[in-house]
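J.: Let me give you the structure first, and then I'll get to my questions.
The values are calculated or read from the model by the stated rules, or taken from the named source; none is laboratory data. Fair warning: this is a prediction, and the values are worked out from it, not measured in the lab. For neighbour counting, all protein chains shown are included, and Cβ atoms are generated from backbone atoms with ideal geometry for every residue, glycine included. Side chains are part of the model used for accessible areas, which takes the heavy atoms of the whole protein and leaves out ligands, DNA and RNA. Shrake-Rupley method; radii C 1.70, N 1.55, O 1.52, S 1.80 Å.
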Amino acid sequence: MKAVLFDLDGVLVDTAKYHYQAWKTIAAALDFELTSEQNEHLKGVSRVDSLHKIVRWAGKDIDPQQFEQFLHEKNENYLELIEEVRPKDALPGVLSFLEALQKNQIPIGLGSASKNARPILDRLGITSFFDAIIDGNDVTNSKPNPEVFLKGAKALSVEPTNCLVFEDSQAGIDAARAANMAAIAVGSSEVLKGAIHYISDFNRHPYKELAAFIE
Ligand code: B16
Ligand code: MG
């Protein structure tokens, strides 16, 4: 039997669109238009590393004080956007999948790069499903480094090889693989490489289908 580790943004809730929107505003302040293709490379990546990438793509040189200011502005903007998150915003089928895992006594963990993960889980009303929560406040290395998932496995007291990760980002799938864990991608195989299975959401791929990878 396996434990399951969930990414947050883009897997349990579509906050990925809010990250994109908030980063677009920062990019515009750098006279740069952030494309959705470039945004793929920001998914699962920490706030600091994301801004480093954007500044590099914009070809700008900014001082540390302005860098800090942009980080602050991005988060303020993002916090405003997520204020509206409600239980109905959990992605399709998430709630029943969590209920099925719990019913089958599968340990459940969160492995998110976000420092805002806990308030988002609370807003969704699903915090109590999680036996372990590892987020951006608990790690020093950003995905694709495996730290967040290795800490998740440890907190659940399971071997990394007995963990199954659900991820929507290439950085996250790479992190799972670096941790010796199998990953199921929430997204398309044209964009995401290296997962053992691809799903669009948890509604179209119910517990029965996914149980083969878990139990
Ligand atoms: P924050 P995940 C990641 O969350 C997002 O995918 C990524 O876009 C974001 O930059 C990162 O969290 C940090 O988020 O600014 O809220 O600390 O996908 O790993 O759940
Ligand atoms: Mg994600």
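J.: Show me, bin by bin at 10 Å from 0, the whole-percent P(r) of the chain based on Cα pairs.
T.: So the P(r) values, bin by bin, are 9, 36, 37, 15, 4, 0.
J.: Something else about it: What is the chain's relative contact order, in percent, from Cα pairs under 8 angstrom and six or more apart in sequence? Please report the intermediate quantities before stating the final value.
T.: Details: 362 pairs, mean separation 57.7, N = 215.
Over the chain, the number comes to 27 percent.
J.: Distance cut-off 19 Å, Cα to Cα: go down the list 2/208; 74/151; 143/208; 43/74 and report the pairs above it.
T.: 74/151; 143/208
J.: Simple spin-label model, 7 Å along Cα-to-Cβ: residue 161 to residue 138 in nm?
T.: Placing both labels 7 Å beyond Cα along the Cβ direction yields 2.3 nm.
J.: Same structure again: In whole percent, how big is the carbon plus sulfur part of the accessible area of the chain, probe 1.4 Å, protein atoms only?
T.: 47 percent
J.: Largest first and in whole Å, what are the equivalent-ellipsoid semi-axes of the range 1-115 based on the Cα gyration tensor, each being the root of 5 times an eigenvalue? Each step should come with its number before you reach the end.
T.: Working: eigenvalues 210, 40, 28 Å².
Working from the Cα gyration tensor, I get semi-axes of 32, 14, 12 Å.
J.: Separate question: For q values of 0.19 Å⁻¹, compute log₁₀ I(q)/I(0) with the Debye formula on a Cα-only model of the range 102-215, without solvent.
T.: -1.08
J.: Where in the range 46-77 is the amide nitrogen less than 11 Å from a point lying 7 Å along the Cα-to-Cβ axis of residue 29?
T.: 66-77
J.: Quick check for you: with a 1.4 Å probe and neighbouring chains kept, what is the accessible area per residue of the range 146-215, in Å²?
T.: So the range 146-215 comes to 46 Å² accessible per residue, rounded to a whole number.
J.: Any chance you could run the full-extension gain for residue 38 through residue 209? It's 0.36 nm times the residue separation minus the Cα-Cα distance, nm to one decimal.
T.: 58.3 nm
J.: Given the peptides 174-186, 116-128, arrange them by the average over their residues of other C-beta atoms within 10 Å, most packed first. All intermediate terms of the calculation are to be shown ahead of the outcome.
T.: On the way: 174-186: 22.4, 116-128: 18.4.
In descending order of packing, they fall as 174-186, 116-128.
J.: Sorting check: for 24-33, 140-149, 61-70, 7-16, which peptide has the highest mean count of neighbouring beta carbons within 10 Å, and how do the rest follow?
T.: The peptides rank, most packed first, as 7-16, 140-149, 24-33, 61-70.
J.: Among the helices of the chain (complete DSSP H runs), which have Cα atoms covering no less than 24 Å along the helix axis and a Kyte-Doolittle mean of at least -1.0?
T.: none
J.: Between residue 79 and residue 56, what's the calculated FRET efficiency when r is the beta-carbon distance and R0 is 30 Å? Round to 0.05.
T.: 0.75
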